Amino acid sequence: MTTTVTDLPELLKGIPPGAWVAISESQNRTLAFGVDAQTVHDEAQQMGEDQPLLVRVPDQMLAMFL
């Protein structure tokens, strides 16, 4: 099992609070974002990402561990 440390504030920069975000499986880029998780997931899959990581942008950027 590999542990990956991701700078989420950098990946989520400019994305509004409450939005759903699809992040690449390698966790190095943001693929899509929007208000509906299913739509965001579908957009990421259309970009060729089979298993995107979906997260919701919090109202306040705090320390998070996923």
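Here are the numbers:
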| quantity | calculated |
| --- | --- |
| Computed lengthening from Arg29 to Gln51, 0.36 nm per intervening residue step minus Cα-Cα distance | 6.6 nm |
| Whole-number accessible area per residue in Å² for the range 1-51, which is evaluated in the context of all protein chains at 1.4 Å | 68 Å² |
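The values are calculated or read from the model by the stated rules, or taken from the named source; none is laboratory data. Note that the structure is predicted; figures quoted are calculated from it, not measured. Note: accessible area is taken over every heavy atom of the protein model, side chains too, but ligands, DNA and RNA are not part of it. Shrake-Rupley method; radii C 1.70, N 1.55, O 1.52, S 1.80 Å.
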